[in-house]
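We did not get these values from a lab; they are worked out from the coordinates using the rules stated. Please read all numbers here as calculations on a predicted model, not as lab measurements. All Cβ positions, even for glycine, are placed from backbone atoms using ideal geometry, and neighbour counts span all protein chains on display.
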Amino acid sequence: MKLLPMITVALLSGIGLIASMPAEASASALLTAPSVKLTVEATGQSSNSLLLRATVAPPVPGKKVTFYLKTSEFEGSGWMALGSSSSDSQGIATYSYRPTSTGIETFGSELGSLQSSASTPSATFQFRVLRDPPGFGQSVIEYPRPLGSVGSMLVKGLLSLVGLVWVVLIGSLVMVIRRVPKFASGVQPDQSEGADQ
Amino acid sequence: MTTERISVDTDQDAKNNGVSGTDWEDEVKRAALVPITMRLGLIWKVSVALLSLVVLSGIAAWIYQLKHGLGSAGYNDQAFWAAYIVDVVAFIGVSYGGAVISAILRLTGQSWRAPLTRLAEGTALVTVIIGALFVFPHLGHPEQFWEILVYVNTSSPLFWDFLAIGTYVVATVVFFYLPLIPDMAIANKSLGQGGRPHQFKLYKVLSLKWMGTKRQRSLIHGAIGVIALIIVPLAVSVHSALSWAFALTSRPGWMETIFPPYFVIAALYSGTALVIIVASAFRKGYHLERFITERHLQRLSYIMVALGLVYLYLTLADFLSEGYTGISTGWIYQTVVGRYSIPFWFYVIAGELVPMVLVALKKTRNIKGITIAAVGVVIALWVKRIVIVLPPATQPLIGGQWGTYHFTAVSILVTLAGVVAIPLGLMLLFRILPVLSIDEMIQADPVGSFERISQQSLEMVRLTAPGTHANGKHPDEQESEVSK
């Protein structure tokens, strides 16, 4: 029958695969599938960037790890590839990323790369970006705003001006309403008219 | 100009003409209060009914729009701003003109203003309310309007628009009320209860026990002066803030530094024209020919034409600044020779050339000619706002497909409702309040011109039979001769 030739081909292929790999690596690869664990840390308050750190376990140097950001900026929501780096001798791959907005960001990492944006990376991590570090951000997505540094003072000044106008308007009206009746019994009525009193 | 020659020794002229102060006061009071006391004629009733019908149609159209969305008013993805923002800018603009004209004439002590101030300030009040109300049809979800206060965004010009317009509305109300106080006392005394207890009570409350004492006069003149001083920069800020709603967007044709003065001058120009129309209409309809003379309208027309020239200059400067760089000239091409060329050239002809010619030629520099010029300016400036809004809004920023906007029955009815609400509001307002500023006309500085003109007109009317005048001439013609 045809079963015997098929088993023969399979065995020969397996022997060929093992033979082509170093003994330790092949053993690891066969015994434990490499996995990736992702952590994210801020590199400092004054920094503009977050450091995405993916740890390949067991440690395998030279493994390509791709980093992703979950986004709803485009149609539907999906994972946007940020970039990739290779693991070092301790199995650590890092990627520096500058967030473009505040709020909770979800990052992902995958050995190799995802087959499609609809797939989910094998490791994910959420990180809250509390505030834009000084000097960060606006220049990435839009032009720097003139008067940006004095904006709050300008707003307060303008609001004070509006308040002052309201005080003068209402104050004038209230003054007239309160004082005109008081001045009705003045010394010298003017030439023309009087009220019904 | 003949101002100097006609502003001499009016008291002496009045005495020579045999017109006593009491006659003058009585005539002013009678003319100002007749619209309040007269029995309503058929024409008045039918006019109010028809105008109300149009306003109600507009409200119904807006309700329809609330149900079916802004698309029913012709709005779409590209024409995201269209008819209603044009109405907001145009109506608040004409209000601005009325208030500023009155304020400037007050501040500069122009006594000839007296017969016009009540009409100008009333027009400002009515139009600013209508203009502010147009914000609601402009909003797709007007029920969310309150969020502008709850979720304050000081980076948005719309927030400052809200503050500026709100402040301006309050200032207009105060500016209208303060000069009204002495007239309320006069109306209270002259009319008595007269079978109208509610009106009597209203006048009594609003008059604040006015007796015309020196201290009262000093107080009220000071307060009016302060408000007049505030309302000019306030009105400038309102239209600047309105222009920033356009100029702070990244859109060629709107993103220009010239926009604030461009909007301010347009507002003054159209506002002066509307004051002329209102003064002319009330002069005719309420028989105020003795008080609002041809000279008044001529002086206003000179102001109007001067503003028109400035506005024409700014229009050309607007084209030049962007056209010269050549970075984005599509909207200029579409405005001058493209799809928006007809409304643009309508503005040039009806809003600039024709008014200038009508005012420049002595033959047409009469009430009829000036009123036609003013009507042309008001309509053309509304059309010009369309030309300012639509070409930059509908131009493609990506790709080459221009957007389109077509007026629909909804947007036409809502706009028309705003237009007719002006005469309706003024007719109702001056059914309750004096149409002339009685106290100002009596108290005005005699070294002006209007008293002499008006007293001579009055004298001629008194000396002649109804329908004819001294020397067979109309008072305006007499006045023109006096002024020469």
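Once the Cα atoms of helix B:214-247 and of chain B are each reduced to a long axis, what angle between those two axes, in degrees from 0 to 90 to the nearest 10, is obtained?
It is inclined by approximately 20 degrees.
Relative contact order for chain B: what percent, with Cα pairs under 8 Å and sequence separation of 6 or more?
Working: 635 pairs, mean separation 156.8, N = 484.
About 32 percent, as a whole number.
Expressed as an acute angle from 0 to 90° and rounded to the nearest 10, what is the orientation of the C-alpha long axis of helix B:367-394 relative to the principal long axis of chain B?
Its long axis makes an angle of about 20 degrees.
What is the order of B:Glu27, B:Glu294, B:Glu147, fewest Cβ neighbours within 10 Å to most?
Values: B:Glu27 20, B:Glu294 23, B:Glu147 11.
With the sparsest Cβ surroundings first, the list reads B:Glu147, B:Glu27, B:Glu294.
Cut-off is 10 Å between beta-carbons; in what order do B:Leu436, B:Leu66, A:Leu161 appear when sorted fewest neighbours first? Could the numbers behind the result be given before it?
Values: B:Leu436 26, B:Leu66 16, A:Leu161 12.
Ranking B:Leu436, B:Leu66, A:Leu161 by Cβ neighbours within 10 Å, fewest first, gives A:Leu161, B:Leu66, B:Leu436.
Residue by residue, what Karplus-based ³J(HN,Hα) values in Hz, rounded to whole numbers, does the range B:78-90 have, using 6.51, -1.76 and 1.60 with θ = phi - 60° and x for Gly and Pro?
The phi angles translate into 8, 8, 7, 10, 8, 4, 6, 5, 4, 5, 4, 5, 5 Hz.
From the cross-link list B:Lys45/B:Lys284; B:Lys29/B:Lys368; A:Lys37/A:Lys70, which pairs have alpha carbons spaced over 19 Å apart?
Working: B:Lys45/B:Lys284 17 Å; B:Lys29/B:Lys368 27 Å; A:Lys37/A:Lys70 17 Å.
Beyond 19 Å between Cα atoms: B:Lys29/B:Lys368.
Can you give the angle from 0 to 90° between the axis of helix B:197-207 and the longest principal axis of chain B, with both taken from C-alpha atoms, to the nearest 10?
Tilt relative to chain B: about 80 degrees.
Relative to the Cα centre, what is the charge dipole magnitude of chain B, using +1 at the beta carbon of each Lys and Arg, -1 at the beta carbon of each Asp and Glu, and rounding to the nearest 20 debye? Write out the running numbers ahead of the final one.
On the way: 36 positive and 30 negative charges, 209 e Å.
About 1000 debye.
Enumerate by residue number the trypsin sites (Lys or Arg not before Pro) in the range B:335-367 meeting two conditions: DSSP loop (anything except H, G, I, E, B), and at most 10 other Cβ atoms within 10 Å of the site's Cβ.
Working: sites: B:Arg339, B:Lys362, B:Lys363, B:Arg365; in loops: B:Arg339, B:Lys362, B:Lys363, B:Arg365.
Qualifying residues, ordered by number: B:Lys362, B:Lys363.
Counting other C-beta atoms within 10 Å, and keeping those with at most 11, which DSSP coil chymotrypsin sites (Phe, Trp or Tyr not before Pro) do you find in the range B:21-97? Before the final figure, lay out each step's value.
Working: sites: B:Trp24, B:Trp44, B:Trp62, B:Tyr64, B:Tyr75, B:Phe80, B:Trp81, B:Tyr84, B:Phe91, B:Tyr96; in loops: B:Tyr75, B:Phe80, B:Trp81.
Sparse-neighbourhood loop chymotrypsin sites (Phe, Trp or Tyr not before Pro): none present.
Which pairs in the list B:Lys362/B:Lys384; A:Lys182/B:Lys214; A:Lys182/B:Lys189 are over 21 Å apart, alpha-carbon to alpha-carbon?
Details: B:Lys362/B:Lys384 28 Å; A:Lys182/B:Lys214 12 Å; A:Lys182/B:Lys189 19 Å.
Beyond 21 Å between Cα atoms: B:Lys362/B:Lys384.
Where does each of B:Thr127, A:Thr102 land when they are ranked from fewest to most other beta-carbon atoms within 10 angstrom?
Working: B:Thr127 29, A:Thr102 12.
In increasing order of surrounding Cβ atoms, one gets A:Thr102, B:Thr127.
Give me the one-decimal nm value for the distance between modelled label points at B:Glu147 and B:Ile412, 7 Å along each residue's Cα-to-Cβ direction.
Those two pseudo-labels are separated by 3.3 nm.
Starting from the amide H of B:Ala79, placed 1.01 Å from N in the peptide plane, find each other amide H under 5 Å away whose residue is 5 or more places distant or on another chain.
HN-HN under 5 Å from B:Ala79: B:Thr404.
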